[in-house]
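Step one of this worksheet: look at the structure below.
The values are calculated or read from the model by the stated rules, or taken from the named source; none is laboratory data. Only a predicted model underlies this, so the values are computations on that prediction, with no experimental measurement involved. When we count neighbours, we look across all protein chains shown, and the Cβ atoms used for this are built from the backbone with ideal geometry, even at glycine.
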Amino acid sequence: MATKKTSDNGNKKKETQSNGSNGSSSENHGMQSSQLMKLFEDGLKDIYWAEKALTKALPKMIKNATSGELIEALESHLSETETQIRRIEQIFELLEKKAVAKKCDAMEGLIKEGEGIMEECEEGSMMDAGIIGAGQKIEHYEIASYGTLRTFAETLGLEDAAALLEETLGEEKAADVKLTEVAVTAINIQAAREDN
C-alpha cells in the first residue's frame with residue numbers, strides 16, 4: 001500500500017491509497033452498495049415485472065395467431081419466459097434480496113401496442129404479421145435489458161448472476177431470429193398478397 005503526504009491547513013498527515021487490488025472485502029462491500037448495484041437491482045425489478053406481464057400477454061397472442069409456425073414459436077417462448085422468471089428469482093436469491101417486481105412502463109406500453117394491433121387487424125396473415133411485429137419489439141426491449149443487466153453484473157463481479165443473464169439473453173436473441181424466420185418465409189408474403 002502506498003502512502004502520500006498531504007497538507008491540511010498547514011498540518012502534515014498521511015493518507016493511504018488503495019493498491020488497486022481486486023477482490024478485497026472492503027472493495028466488494030463497496031460494490032454491493034454502489035450506485036451501479038442500485039441500477040442493477042432496479043433493472044432486475046423492472047424486467048421481473050416485464051416477464052410476468054409477458055406471461056399474461058403471450059397467451060392472447062397465441063389465441064389470435066393463425067399460423068402453426070407462429071403459434072409454436074409463441075408457445076415455446078411462453079415456456080422460456082416462465083423459466084426466465086425463475087432465473088431472475090435465482091439472481092435475487094444470490095443478492096440475498098426478496099424478489100420484487102417494479103412496474104415496467106416500457107413493457108406495459110409494448111403490450112398495449114400489441115393488443116391494439118390485434119384489435120385493428122383482420123384475422124389471418126395480417127394478424128399474424130402484426131403479432132410478429134409486436135413480438136419483435138418486445139424481444140428487442142428484452143435483449144437490450146438483459147444485455148445491460150449482464151454487463152452490470154460482470155462489472156459488479158457477480159459471475160453467477162451474469163451467467164444466468166447471459167443464458168436468458170441468448171434465448172431472447174433466438175426468439176427474435178425465430179420470429180423473423182416465420183415472418184419472411186410465409187406470413188409477410190401472404191399478408192402482402194391479401195387485399196385490404
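Some observations on this one:
- Which numbered condition GLN190 misses (of (1) within 12 Å of the chain's Cα centre (by Cα); (2) over 20 Å from HIS77 (Cα atoms); (3) polar (S, T, N, Q)): (1)
- Looking across segment 151-165 at every residue that is among the aliphatic types (A, V, I, L, M) and either free of Cβ contacts under 8 Å to residues at least 40 places away in the same chain or surrounded by fewer than 17 Cβ atoms within 10 Å (Cβ to Cβ) (or both), the one that is farthest from LEU39 (Cα to Cα) is identified as ALA163.
- For segment 126-150, a residue qualifies if it is closer than 14 Å to GLU172 by Cα and surrounded by fewer than 20 Cβ atoms within 10 Å (Cβ to Cβ), and the qualifying residues are GLN136, LYS137, HIS140, TYR141, ILE143, ALA144, GLY147, THR148.
- Within segment 44-59, the only residue that satisfies the criterion of being over 23 Å from LEU164 (Cα atoms) and either buried (at least 17 other Cβ atoms within 10 Å of the Cβ) or touching a strand residue (DSSP E or B) at 6+ places or on another chain (Cβ under 6 Å) (or both) is ALA57.
- Within the span defined as segment 121-129, every residue fails to be part of a helix (DSSP H, G or I) and either in contact with a His (Cβ under 6 Å, 6 or more places away or on another chain) or free of Cβ contacts under 8 Å to residues at least 40 places away in the same chain (or both).
- Flag if GLY109 is closer than 18 Å to GLU72 by Cα and among the small types (Gly, Ala, Ser): no
For every residue, the table says whether it meets (1) surrounded by 14 or more Cβ atoms within 10 Å (Cβ to Cβ); (2) over 21 Å from ALA183 (Cα atoms).
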position	(1), (2)
MET61	yes, no
THR66	yes, no
LEU70	yes, no
HIS77	yes, no
LEU95	yes, yes
ASP105	no, yes
CYS121	yes, no
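- If only residues of segment 133-180 that are of a type in the set (Lys, Arg) and at pLDDT 95 or above are counted, the one that is nearest to CYS104 (Cα to Cα) is LYS137.
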